[in-house]
Each structure stands twice: as C-alpha cells, then as structure tokens.
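The values are calculated or read from the model by the stated rules, or taken from the named source; none is laboratory data. Everything numeric here is computed off the predicted structure, so don't read it as measured data. FYI the Cβ positions are ideal-geometry reconstructions off the backbone, even for glycines, and counts take in every protein chain you see. These area figures cover heavy atoms from the full protein model, side chains too; ligands, DNA and RNA do not enter into them. Shrake-Rupley method; radii C 1.70, N 1.55, O 1.52, S 1.80 Å.
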Amino acid sequence: MEINGKRVLRLREVKDVERATTKKARESWHLLTIMAEFIESTERLSELPSAVSIFGSARIKEGNHYYELCAQIARRLSDAGFAVLSGGGPGIMEGANRGAYEGKSPSVGLNILLPHEQGNNKWQDIAINFRHFFARKVAFVRYADAYVVMPGGFGTLDELSEVLTLIQTGTIQRIPVILVGAIFWNGLLDWFRDTLAADGMIHPDDLDLIQVIDDPEQILAAILRFYEAGDDTAPSKEAKTGELL
C-alpha cells in the first residue's frame, strides 16, 4: 500500500474474511475484559483509607533480610492507618501483604494471572485478580498515597519508572517515592545522576522525587511528614482518578 506516495509494508493482509471477523470479535471482548477490571477495582478499592503501594521481587524467600524488612514496613504502615497494596504473589509481595494482614488496616493483593508464576499469597483481606498488566498498574497508582519500592527485577523497575514518569510529566500530582535498600539501589541512582541528569535526559531536580530510606519507622515518618506539610503537590484520589483514566 502507499501513503502520500510512499510505500508501506502490509504484513497482515485480510485474506480470510471469516477469520478476520473472529479476530475482531476477540479483540472487542478483550477490551470489555479490560473495562471490567477497571470497574471491579474501582468498586472494591474506592472506599479504602489512605494506601501505600509496595513493590519488589517475587523471587525473595521468607527469611531473607528484605522479606522480613518489607513485612516490618507494611506492619507499621498498616498500624498507622494505611492500607497496603501489593502484587499479591510470593516474595516481597507476600512480605508486604503479610505485614499488613497482621496490622490494623487492609492488606490488598492486586494479583496477576500468569501461566508460569506461583499462586496468590494467603495474606490478603482484599484480593482482586487481573489478567491485564495495564489495568493492574493503573490500580497501583490510582489508590496509592505513596510508593515503597523494595529490591526487585524488571517488574519492579517498570513500576518505579511508571510512577516517576507520571509525576515528572504532571500526569499525577506528587506522592512520596521511597526506595528501600540503599546498597541495592546505589548503582541505579548513580547512573540517574551521572548519566541521565548529566546528559540532560532528566532534570537534576527530578532526582528529588526519590528518597532512599531503610528504616521502617523513618519510612512512615517521611510519608506522614509529606502530607502534614500541606504541600500543594499533595495528591487527591479524585484528581488521580480523572487523570489516569
């Protein structure tokens, strides 16, 4: 095919009309399932008190330092009145749910259904199953008043980059983003400063969006201090809801 006289490859020619119609119907159903996940998460999470999303590796086992530290952080947040949102799976997610479950506020698992992953952990007061990463990621941001990011892999980095981008671009208002594990994160933060900021890929002030805190009590204090300061950048759930959807 041609557009403005320029040749454009067409890799997916419609040769079988019946197959194309079936595919179109499947895609329409796919969109409806995404909408259903937005609706369910809204109905079940919109009445939550203030909440904190916690991320980290699914590969860390119970007894690991970061697992135990995550459970302590989640417990303190829960006892202070914050619902805790995690991915609902094993590892750090389990530590987060477990700590919150043993506390005074809801433990929420935003579970993702994957063919090769372990099942959901049992420490959930509210469990929501997602098939679509996109809908799940929106829920993590939409209901979070802070992000606590433990050591993790690609998924953790994806969530961290997502929220930093949303804040940096003004898509959502600023919330605390706290990295736990100074030794783990130092290399990445050095690269942010020495390469991204130095080469003008981000503004040096963007580094101020991130805090590195390893002590559970100090993490809670930092989140409370952010909101007690009455900063104009503090978010409202209504604002975040409208901007993300």
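Here Arg136 meets the list (1) in contact with a Phe, Trp or Tyr (Cβ under 9 Å, 6 or more places away or on another chain); (2) farther than 28 Å from His30 by Cβ; (3) modelled with pLDDT under 95 almost entirely, failing just condition (2). Note on segment 118-141: among residues that are within 9 Å of the chain's Cα centre (by Cα) and open to solvent by 10 Å² or more (accessible area, probe 1.4 Å), the one that is farthest from Leu224 (Cα to Cα) is Arg136.
Could you please find all residues in segment 147-195 being open to solvent by 60 Å² or more (accessible area, probe 1.4 Å), of a type in the set (S, T, N, Q), part of a helix (DSSP H, G or I) and under 20 Å from Phe134 (Cα atoms)? Don't jump to the end; show me each part of the working.
As a first pass, look at segment 147-195 and keep what is open to solvent by 60 Å² or more (accessible area, probe 1.4 Å): 154, 157-158, 161-162, 165, 168-169, 173-174, 183-184, 186, 190-191, 193-194.
So of that shortlist, the ones also of a type in the set (S, T, N, Q) come out as 161, 165, 168-169, 173, 186.
Okay, now just the ones that are also part of a helix (DSSP H, G or I), so 161, 165, 168, 186.
If the condition is that a residue be open to solvent by 60 Å² or more (accessible area, probe 1.4 Å), of a type in the set (S, T, N, Q), part of a helix (DSSP H, G or I) and under 20 Å from Phe134 (Cα atoms), then Ser161, Thr165, Gln168 are the ones that fit.
Residues checked against (1) β-branched (Val, Ile, Thr); (2) closer than 16 Å to Gly56 by Cβ:
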| site | (1), (2) |
| --- | --- |
| Ala83 | no, no |
| Ile112 | yes, yes |
| Gln124 | no, no |
| Ala127 | no, no |
| Val141 | yes, no |
| Ala144 | no, yes |
| Gly153 | no, yes |
| Leu160 | no, yes |
| Thr169 | yes, no |
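Of the helices (runs of 4 or more DSSP H) lying entirely inside segment 1-112, the ones with 3 or more residues being open to solvent by less than 90 Å² (accessible area, probe 1.4 Å), out of contact with any helix residue (DSSP H, G or I) (no Cβ under 8 Å at 6 or more places or on another chain) and at pLDDT below 85 are found at 17-45. If you go through segment 196-223 and pick out every residue that is surrounded by 13 or more Cβ atoms within 10 Å (Cβ to Cβ) and within 20 Å of the chain's Cα centre (by Cα), you end up with 13.
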